[in-house]
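Working notes, beginning with the structure itself.
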Amino acid sequence: SEVVLGWCIIILLLLFRLGPTVSKRSPVFGMHWAYIFPTSALATAMIQYASVVDTTTARVVAIIGILLSHIFVIVVFLRMLHEWYRVIINEEEEWGDPLLEEGRK
């Protein structure tokens, strides 16, 4: 469980090093959901580690990981709703499908 926790921490640090772009408009609808998987994996690894180590500190860290994962889910969901409202309801712009655009070339 320590190895998995280490890998999850490295992946999350790489994600933060690349810089979260949740505040920017995504070129593809739903692109920001990629932020959810590393945080959820980290929370799962922290829970597993806390069950193995069984200390108060590990439990607190696991709870922090769970809260972080939930915050990411809520932020990304709200951001997706905002983009959906702007594109679908207000019809400000049109989102293209990158796979269909490749097929037309």
Nearest-0.05 FRET efficiency for residue 34 and residue 87 at R0 = 25 Å, using Cβ-Cβ distance, is 0.85
In nm, the gap between the two label points placed 7 Å beyond Cα toward Cβ at residue 15 and residue 78 is 1.8
Sorted list, accessible surface of protein heavy atoms, 1.4 Å probe, largest first, for 33, 84 is 84, 33
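The values are calculated or read from the model by the stated rules, or taken from the named source; none is laboratory data. Note that the structure is predicted; figures quoted are calculated from it, not measured. So basically every Cβ, Gly included, is an ideal-geometry build from the backbone, and we count neighbours across all protein chains shown. The accessibility values were calculated without ligands, DNA or RNA, using every heavy atom of the protein model including side chains. Shrake-Rupley method; radii C 1.70, N 1.55, O 1.52, S 1.80 Å.
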